[in-house]
Amino acid sequence: MRTKLLFILVIILLGGRVYTQIEKTNLSITEGLNDAKLKAKIEENVSLLLTAMGKAMMEGEFPNLSNINISLDASIKVLSLWKTSVMICPVTNVERKCLTRPQGGYQIRDIPVTMLDAPEEEQAQDIVINFTDDGNIDDILVAVHALTDFLDPNFSVQEYARREIIAGFVEEFRTAYNTKDIECLEKVFSNNALIITGKVIKERPNSDQVLKNNLSTERIEYVTQTKEQYLKKLRIIFNAIKYINVVFNDIEIMKHPKYPEIYGVTLKQYWNTSSYSDEGFLFLLIDFTEADPVIHIRAWQPSVFNGKELSREERFRPTSFGNITGK
């Protein structure tokens, strides 16, 4: 009810200009798909989904997805996102190109949504929608921007495809936190995954440090957890809060110098909930040995140490953890 009243107030303030958007939102594919029948099916499915979200917002209900070609898993994802925050598309017409996914199927990126239960500065976000080969909606993800910046057309076919998979993997990982999807996180972490969390410890300088004019009073202390310990704590957090937003920026992908199927991904992470927020550098060690990639290491470092941002040399890299993958 609170969200519905909030949105009605928004309509009043905008002089009713968004009312037509609630009635119908349309997607138009501008390029990337030559099959006219398939193009029309994807456009219709997205248009129906965005319109259903606007209608549900006004009625104070969950979106009715019964007339949309959408998988059960994707339907659950939409409803999970809705539980975290009601979201609507703030524009009437969305024009986007269609991408072909390396795993098969298609993708429409950067569809704008407003998450009404988020803090004001986080309400404007984008979603990504994946489709099967025949145009059915197969997945919904919260977008991570700048993911295409590390896709160099000069890469080999295998390297380019693998980096596309990493991009989707990172967005799936982010969305799992936004939707509080413990089952997804259980799958993406290997059974022996190591979770490392760093925190800054402030110390009083001793007399020798004062004499040497070395007044640094901070050190980073690292705590390790098993996969089970980490997920147990995460369940408690997920049950205690309604809204959670995890944002990734400044993404860097590094291939292991010795093992080409092992990649390190460094991200600037912004974590915000109704009761706590922080930012830091998140490192993921991802293994492509199996058909479905898994995370062996999730390591978090504070972004600021001794009054300055942690340099690239101080951040974790694929070679920082020895033989952790068992290779």
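The values are calculated or read from the model by the stated rules, or taken from the named source; none is laboratory data. As the structure is a prediction and not an experimental result, all values here were calculated from the model. When we count neighbours, we look across all protein chains shown, and the Cβ atoms used for this are built from the backbone with ideal geometry, even at glycine. Side chains are part of the model used for accessible areas, which takes the heavy atoms of the whole protein and leaves out ligands, DNA and RNA. Shrake-Rupley method; radii C 1.70, N 1.55, O 1.52, S 1.80 Å.
Things to note:
- Yes/no for Gln123 being out of contact with any helix residue (DSSP H, G or I) (no Cβ under 9 Å at 6 or more places or on another chain), modelled with pLDDT of 85 or more and open to solvent by 30 Å² or more (accessible area, probe 1.4 Å): yes
- Residues located in region 105-124, provided they are in contact (Cβ under 8 Å) with a residue 24 or more places away in the chain and either out of contact with any strand residue (DSSP E or B) (no Cβ under 8 Å at 6 or more places or on another chain) or under 25 Å from Leu72 (Cβ atoms) (or both): Gly105, Tyr106, Gln107, Ile108, Arg109, Ile111, Val113, Met115, Asp117
- Region 33-59 - residue that is open to solvent by 50 Å² or more (accessible area, probe 1.4 Å) and within 26 Å of the chain's Cα centre (by Cα) and, of those, nearest to Ile137 (Cα to Cα): Glu44
- Residue within region 129-140 that is at pLDDT 95 or above, more than 24 Å from Ser80 (Cα to Cα) and in the same structural domain as Asn67 (by TED's automatic domain parsing) present: yes
- Screening region 223-290 for strands (runs of 3 or more DSSP E) wholly inside it with 1 or more residues that are of a type in the set (S, T, N, Q), open to solvent by less than 20 Å² (accessible area, probe 1.4 Å) and modelled with pLDDT of 90 or more returns the ranges 262-273.
- Number of the exception - Cys184 against (1) modelled with pLDDT of 85 or more; (2) open to solvent by less than 70 Å² (accessible area, probe 1.4 Å); (3) outside any helix (DSSP H, G or I); (4) out of contact with any Leu (no Cβ under 9 Å at 6 or more places or on another chain): (3)
- Residue match in region 151-163 (condition: surrounded by fewer than 19 Cβ atoms within 10 Å (Cβ to Cβ), of a type in the set (A, V, I, L, M, F, W, C) and in contact with a helix residue (DSSP H, G or I) (Cβ under 6 Å, 6 or more places away or on another chain)): yes
- Hits in region 67-88 - residues which are open to solvent by less than 60 Å² (accessible area, probe 1.4 Å), touching a helix residue (DSSP H, G or I) at 6+ places or on another chain (Cβ under 8 Å), in a loop (DSSP other than H, G, I, E, B) and modelled with pLDDT of 95 or more: Ile68
- Residues (charged (D, E, K, R) and at pLDDT below 90) located in region 187-221: Lys199, Lys202, Glu203, Arg204, Asp208, Lys212, Glu218, Arg219, Glu221
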